[in-house]
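Contents: one structure, followed by commentary.
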Amino acid sequence: MSRFKRAAIGFAAMFVFPAVLSAEPPPVPAATPATSTTPAMVPILIYHSVREYTPRDSAASRRYIITPRALEAELKFLKAGGYVSIGFDDLAAYVEKGRPLPEPCVIISLDDGWESQYKTAFPLLRKYGFRATFFIFTNAIGKKHFMSLAELRSLRDAGMWIGSHSLSHPYLTRIKNRAALRRQIFDSKRILEEKLGEPVTAFAYPFGQYNKEIVSLVRQAGYTTARGTYFGVRHSRGDLFTLTGLINVTSSAKVVAELDQAAKIEKRERPLVPPPGIDPGEYN
Ligand SMILES: [Zn+2]
């Protein structure tokens, strides 16, 4: 059985048979030799707001909200299954240099820098011993509903990773002016590095949208990985700047459905540009 299938079944078992899982966590698969020719099968979970729903939340916006209870259920499952959280640089080191990854492992990422991530997700991550990558668009730092610089620094101090999510969270594919496009990618990295005093190596495309020119600029800026939002869990050397994830992880059932979907999609060749409408509005 493949690593992915074991992971997917583990996920499914958590939610379909929680009583079974709590009695006997799934076995941790034995480590397999890692080489750069073997794709990594690593779920990259993508979260946005972490809070209770309110009556004002539309059905569309609820796709980008996970309740604290649902998030805790997922983290609890990952812990019980022996998952180790890794960073994007760990994934790059595996596919480029064959540096082994812990098995099973997961990347946890949270987009946009919402304050709810600091107040709610951060304590839960610490409670269960996980590290996560927070993708920040720099114009939002310190604004209402978003994290302050001090909060970002305390994430960093607690071992969390900070990645760039551009300056202003535009559709990068719609920016015609190359200098303006370049600023979104280059300046956001520089600003975060200046504010945090450490290298920022991961980028997440706003709305998951990119094209060849954008990917090229992300490489030139010195990032080592970039994540979209298109579904998938298989990551190879050629994918480091078009990494796929599992978006809209908003409920236990959704996780199972999306892992199933990812298993189907991973068998097909992925287009460079995600299909239109894959992420019509990341936040509302
Ligand atoms: Zn975003």
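Every number in this text was worked out from the coordinates using simple rules, so none of it is lab data. Nothing here was measured: the structure is a model prediction, and the numbers come from that model. Glycine gets a Cβ as well: all are built from the backbone with ideal geometry, and neighbour counts include every protein chain shown.
A few notes on this one:
- Value of Rg/Rh across region 42-178 [Cα atoms, Kirkwood radius]: 0.99
- Sites A150 and K127, calculated FRET efficiency, Cβ-Cβ separation with R0 22 Å, nearest 0.05: 0.55
- Long-range HN-HN contacts of V50 with modeled amide H, under 5 Å: I66, S116, Q117
- The label point for A180 and the one for K97, both projected 7 Å from the Cα toward the Cβ, are 4.0 nm apart.
- Cα centre as origin, Lys/Arg/Asp/Glu Cβ charges: region 86-147 dipole, Debye: 300 debye
- With Cα atoms as the point set, region 47-101 shows a radius of gyration and Dmax of 16.1, 49 Å.
- If R0 equals 35 Å, the separation of the Cβ atoms of D187 and T38 corresponds to a calculated FRET efficiency of about 0.45.
- Ordering of 217-229, 198-210 by packing [mean C-beta count within 10 Å, highest first]: 198-210, 217-229
- For K79 and S236, a Förster radius of 30 Å and the Cβ-Cβ distance give a FRET efficiency of 0.60, rounded to the nearest 0.05.
- Distant-in-sequence amide contacts of A132, defined by a placed amide H-H separation under 5 Å and a gap of 5 or more residues or a different chain, comprise W161.
- Given K119/K195; K76/K189; K79/K119; K76/K195, the pairs whose alpha carbons are separated by over 25 Å: K76/K189; K76/K195
- For region 136-248, Kirkwood radius (reciprocal of mean inverse C-alpha pair distance, Å): 14.4 Å
- Placing dummy labels 7 Å off each Cα toward the beta-carbon, the span from S168 to E198 is 3.0 nm.
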